[in-house]
Every structure is written in C-alpha cells, then in structure tokens.
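Presented below is the structure to which this report refers.
Every number here is computed from the coordinates shown, using simple stated rules; none is lab data. Just so you know, these numbers come straight off a predicted model, no measurement behind them. So basically every Cβ, Gly included, is an ideal-geometry build from the backbone, and we count neighbours across all protein chains shown.
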Amino acid sequence: MKKIGIPRGMLYYEYFPIWKDFFEGIGFEVISSNRTNKEIMDRGILYSVDEACLPVKIIHGHVDFLKDKVDFLFIPKIMSIYKREYCCPKIIGLAEMIRNSLDDLPEILDVVYDFNKRRGPEKAYKEIAKTLGVTERQSSRSLKKADKGMDRLLDWLKSDILPDNYAYRKDFKDLLLLGHSYILFDDFINMKVVEKLIDKDINVHFPEDISDDIARKYSNFTKKRMFWTHGRRIIGASNYVIMNHKVDGIIYLSSFGCGLDSVFTHMVSRQAAKYGIPFMNLTLDEQTGEAGINTRLEAFLDMMKWRDSHKDHISSFR
Amino acid sequence: MMCLPFKMFIGNYIESIERGADTIVITGSCGPCRFGLYSLVQEDILKDLGYDVDLIVIDALREGYREFGSNLRKITKARSLLGLFKSSRLALELIKRADNLTDISNYIRAHAIDKTQVNMIMDNFYKASLEIHGARQLMDLIDKTEKELHKVELIKNYDPIRIGIIGEIYTIIEPFVNLEIEKKLGQLGVLVDKSLTPTKWLEHHVMSYPLGSKSERTKYKLAKPYLSTMVGGHGRETIGSAIYYKNMGYDGAIQILPLNCMPEIVAKSILKNVSSDYDFPIMTLVVDEMTGEAGYITRLEAFVDLVSKRREKQTIG
C-alpha cells in the first residue's frame, strides 16, 4: 500500500479528518508527522527562509520529518475557501516554498483549491485521484464519506490539547483564546497556554466554538470587507463575544511575522477597549523560554479577577 | 508587526497633513496581501493622533461601481465622464514623464564621467518640484531637467553592468525606503532597471483592465514553473521579473524585501532555486526602519564586484 504523508502544520488543523478519510477511502495509507517538538522546530528553522513566520518554519520541519517515510506528500494549494476571499499568501505559496526549500522530496500533491475560479474541492480531489490512478467513481464516493468527518473536527482538535477530565464550570471565569487554529491547537507553539489557563481555573473558549454563521455575520462590522477567510472567523468570533459580553477576557496568541495578526490584534484590541473587556496579546516566536509567558498570564488573570472587587480602579485594557 | 510600507504611509500622511492636505487618496485591494486592510488601521491611527482628514480608498471596480465613480469624482472634481477622462489623461501623462525622467537619469548616471553632476541635477529637480503648482509647470520643469541631463558628459564606448531591481512595488519606487539604491548603484557605474514603476502598474491595472498588460503577462508565464498561482502583492511578478532579466541579458538582480512582507517571503524562498537553475546572481536586501547605510553599501559593492568578475570570466574565458 502506498503511503501519503500529511505534515502536521498550517491547514492540517482545519481539514485533517477529511483528508485522512478521503485517502484511506481510495486505498492509501495516511501518515501524519509527530506532534511538534524541539527537533522538528529546529529542523524547520534550518530549512526555511529566515523571514517566514513560526508556523511556516515548523511545517518545514514536519515535511523534513516525513519526506523519507512516504511516497507522496499532500500539501494542497488552498487559495480561497469562499468566493472573493483568500487565504494568507504564505498558505497559498506553501507548497512552492517547501518544494524550493527542501531537497530530495517525494512527489508533492499540490492541487489548487480556488473557489473564485470554480475549482472547489470536488474538482481538486478529482485531480488527485487522476494523479494517483484512482477511478473517479471511487474518489467521489470516498469524498462524500469523508465530508462527514468535519463534524467531529472540533472534538478531535480539542481532545489533543484539553485534559481528559476538563469540563465547563459555571463558577470559573470565561476567557476567549484567539488566534489561528494552527497556533491554538499546537501546544508546542503556544507553550501549553491552554493547559496553564485550565490549571488556573479558567474556562477556555476557542473561536472555533462559535458557529460559522455567527462568526461570518459579526465579521461584517468592519468598514472594509474582510477578505481573509480565516480572519473572518477570528474577527467575527471576537466581535461576537465582545459585543455580547460573553467572556471576562481575551488573549490573542499571535505569531511573530504573521501579516494577518498584525491587522487583527489592532482591530480586536480597539474593540475590546471600547467595550471594556480585558485584552492581552502574546506574540510567539522561536524562543522557548516559558517564564515570561507565565508571568504575563498570571498578571493578566489576576487583573481579570480583581475587576470583580474593584472594577473602577483597574484599567480594563491590557 | 506591520510591514514597512505601512509605517512609511503614516509618515507620509502626517507630513502632507502638516503641509495642509485634508484628503488622502490611496488605492485599495482585496487580494491576499494585507495592503487591502491598510485603510482600516490607518484611519484609527490618524484619528488617535488628532488629525481630521478624509481617507478615500479607490477599490477595484468589482467591489462596487457606484463607490468607484463617486470616489473618482471626489478626487478629480470632474463633473462628467469626459472631464474625468481628460483629467486622468493629464495625470497619466505626468506619471509617464516622471518615470521617463528617472530612467534617463539612471542611464546617464551610469555612463557619466562625473556622477555627482547627475545627482545635483536630480536633487535640484526634487527641490524645485515641491515649490511649483499645477501640471503645466511640472511638465516644463521636467523638460528643463531632461535638457540639463543630456548636457552631462558621458564615457565613450562604456558597457555598464546591468542589474534589475525586483520586489515589492512600493519599496522599489520609493528612494528613501530602498536607501536610494538606484543612485548608489549608479555611482558604481551600474545601469539599473526597475521591474515595476507607476507607469507599468497603471498600464497593467488601469489601461488594459481587465486583461493586464503584455509585459506583466509574460512575467506570469515565466514564473509559472515556479509559482503557478498568484500569492498576492507582487510575489509572482518578482519571480517572473528575475527570469525576465536573465533572458534580457542582465548581469544580476537585487530583490528588495520590506521586512515582514508576506508575498515577498514566498518569492524569496523560490528565488534561491531560480538563481541556481538559471545560473543568475540574485541578492536579497531586507529593508526596515534601520537607516544606517554602511552595511547596505558594502553589500551592494560586494555584489557588483562579484557580478563584474563573473562577466570578465565569461567574456575573457
């Protein structure tokens, strides 16, 4: 049986269940890389361009981990998921970046998903099937089955990072953890922030918890149309919880060098200040010392809790 | 964490507001580059600083026809379509002339015996251009400067090293941001060509809308084996231009990358392979807020030395 490698990075955290089911349905073995660790990160930093952001560097490391173990690498070129919207430029150019940065790679399946040009997943998967020598009927049947896997995406993502006995507690403070899915659900990049927050008696919420319809609706309050699909979720989710006062605080996990985050942190922080909700931006990069992040988290949570007793004296902002 | 052009924009806004501007016009975009959302953040920043200005964003036609028209009318003051056409033709003419002047000065600087003479003429031009008003006067000034430039004495039978400047459009055309790379290379006797100029941009995006100009489409075609789709900004053009310059017989290319620019980062990682596949020297200069020039000059000199040694080897054997 031929093996298909899917590196654990970037849009892996959005689509892996579909991809896995699809490829297994057409008779291939799917191998994904190990969870991110220091070695994978170091190798990624070594191979990628210096200016790239941390998640991009890390996916280079994952590809390096996989390249000798598989026959094909699946790195789709996802241009846009909704009409007239786009993904981040680095996601669009990811396959090309990897191909030109690493040597001795197996064949890369870099099909184009582009909803602007009516190249939806059906067409893309058809193309994959053609390259792999699978009949169209088989592939479309497998895709139909795989599509159902999206329902369990969120549970699957959460099971990776939340402790087993975690449950929502009404007497705990609620906190929205913002950021891209590939940062929130990779506990190496975010230095186990989720675990740390739960240890400190906090209910952690993710932008993925808010339904797509609500998020898209609430992302329309900006003066200019938001053209990043992943940005719409972040902005929409934050707008929704801020405007309805659903949470006691917001932490934004941004990665250094992320172009989307540079815009969103500004927008979210302004909105949060307007509605009086505490907001903190944690910028993550290659350094792995955790002390600084611990201190900032503790200070932020203390401030959040003190607002109960003396709300008027403590700044709600940062 | 914003990219360099964003910061420069703010500085430019403030400077022009203090000189009396009350309206700011920028083009918009809805591509994947963050440039499309500049206006959102910049408006907030200007408001926080206490400036009361009108920020007009001209978006692509498909973002709304009515808005496009009203914005254009607001800027140009033209009442009818004919007036709009007339005033935009004048503006276009001006942009073309100004770009042409830069090209001439680059050519003459590379060939001139006394290169400071060219620098002085151009400095005088920039200084004088701030004090005049209206399109006519500016045209006259350009005519005058061109005449002066042609008087400069040139080295005879000189075949200069030719280097193409590639990268993100704003960093290429704004001399302060790219540390006056054209001037610096010209001083070293290098003939410089920029892959993007305002004229080329207008030809591609406005005059031949929606097809795009021929030269840009050639670049897309050249870039295709390396980058099959657009990545926003000028990532694809950067790759295409590098190959284009190689085919045109240039000696090397320099990519200018504003720190943090997403499309250019994609391009940079690909250029490495373009360079080795085509046997074509390409250097990347990352520019940011730092304005110390010594490091850049050293790198430019080293690159030019390298390229000229290469050429000697190829021609002499």
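Among B:L130, B:L154, B:L37, the largest mean-square fluctuation in a Gaussian network model of chain B (Cα springs under 10 Å) belongs to B:L130. Computed from phi, the 3J(HN,Hα) profile of the stretch B:36-52 under the Karplus parametrisation 6.51, -1.76, 1.60 (θ = phi - 60°) reads x, 9, 3, 4, 4, 6, 5, 4, 4, 5, 5, 5, 4, 7, x, 9, 10 Hz, with x in place of Gly and Pro. The angle between the Cα long axis of helix B:235-247 and the main principal axis of chain B comes to about 40°, on a 0 to 90 degree scale.
Diagonalising the gyration tensor over the Cα atoms of chain B and scaling each eigenvalue by 5 before taking the square root yields semi-axes of 33, 25, 20 Å, largest first. Dividing the convex hull volume of the alpha-carbon atoms in the stretch A:106-147 by its residue count gives 74 Å³ per residue.
Relative to its Kirkwood radius, the Cα radius of gyration of the stretch A:72-204 gives an Rg/Rh of 1.06.
Cα convex hull, the stretch A:3-151: 106 Å³ per residue, rounded to a whole number. Coupling constants for the stretch B:204-210 follow from the phi torsions by the Karplus curve (6.51 cos²θ - 1.76 cosθ + 1.60, θ = phi - 60°), and in residue order they are 6, 9, 10, 5, 10, 5, x Hz; glycine and proline get x. Axis angle, to the nearest 10 degrees, between helix B:115-131 and the longest C-alpha principal axis of chain B: 0 degrees. Counting Cβ atoms of other protein chains within 10 Å of each Cβ in A:97-105 and taking the mean gives 3.
Listed here are the pairs A:K67/A:K130; A:K3/A:K77; B:K144/B:K194; A:K83/B:K96; B:K200/B:K268; B:K219/B:K272; which of them are more than 26 Å apart at the Cα? Cα-Cα > 26 Å for A:K83/B:K96; rest within.
Shape index of the stretch A:162-309: Rg/Rh, with Rg the Cα radius of gyration and Rh the Kirkwood radius from the inverse mean 1/r over Cα pairs, equals 0.94.
Put simply, the amide H of B:I56, placed in the peptide plane, has neighbours under 5 Å in B:I24, B:V25, B:I26, leaving out anything fewer than 5 places away on its chain. Once C-alpha pairs closer than 8 Å and six or more residues apart are averaged by separation and normalised to the residue number of chain A, the relative contact order reads 16 percent.
Note on chain A: dipole from Cβ charges, positive end direction compared against A:V30, A:T135, A:P7; the farthest Cα belongs to A:T135.
If I take every Cα pair under 8 Å that is 6 or more residues apart in the stretch A:3-151, average their sequence separation and divide by the length, what percent do I get for the relative contact order? Taking the mean separation of contacting Cα pairs over the length of the stretch A:3-151, I get 28 percent.
Per the Cα gyration tensor, chain A maps to an equivalent ellipsoid with semi-axes of 36, 21, 18 Å, ordered largest to smallest. Over chain B, with a Gaussian network built from C-alpha contacts below 10 Å, which listed residue (B:D159, B:D99, B:D251) shows the highest mean-square fluctuation? Judging by the Gaussian network model, the answer is B:D159. Give me the angle, in degrees from 0 to 90, between the Cα long axis of helix B:214-223 and the longest principal axis of the Cα atoms of chain B, rounded to the nearest 10. On a 0 to 90 degree scale, this one is about 60.
Solvent-free Debye calculation, one equal scatterer per alpha-carbon of the stretch B:78-157: log10 I(q)/I(0) at 0.14, 0.17, 0.23 Å⁻¹ equals -0.53, -0.70, -1.04. Of the chymotrypsin sites (Phe, Trp or Tyr not before Pro) in the stretch B:131-190, the ones in a loop by DSSP (not H, G, I, E or B) with at most 12 other beta carbons within 10 Å are B:Y158, B:F176. Annotation: the residues B:M8, B:M290, A:M79, A:M41, sorted from fewest to most other C-beta atoms within 10 Å of their own C-beta, follow the order B:M290, B:M8, A:M41, A:M79. For B:K47, the aspartates and glutamates whose Cα falls under 18 Å of its own Cα, not counting residues fewer than eight places away in the same chain, are B:E15, B:E18, B:D22.
Applying a DSSP loop filter and a limit of 13 other Cβ atoms within 10 Å to the trypsin sites (Lys or Arg not before Pro) in the stretch A:60-136 leaves A:K69, A:K83, A:R84, A:R118.
Between the residues A:M191, A:L178, B:S70, the greatest Cα displacement towards the positive end of the dipole of the protein assembly as shown, with unit charges on the Cβ of Lys, Arg, Asp and Glu, is found for B:S70.
Report, as a whole number in µm² per second, the diffusion coefficient that Stokes-Einstein gives for the stretch B:159-317 at 20 °C and 1.002 mPa s using the Kirkwood radius over alpha carbon pairs. Here the translational diffusion coefficient equals 134 µm²/s. Taken residue by residue and averaged, Cβ atoms of other chains lying within 10 Å of the Cβ of A:83-92 number 6. Dividing the Cα radius of gyration of the protein assembly as shown by its Kirkwood radius returns 0.99 for Rg/Rh.
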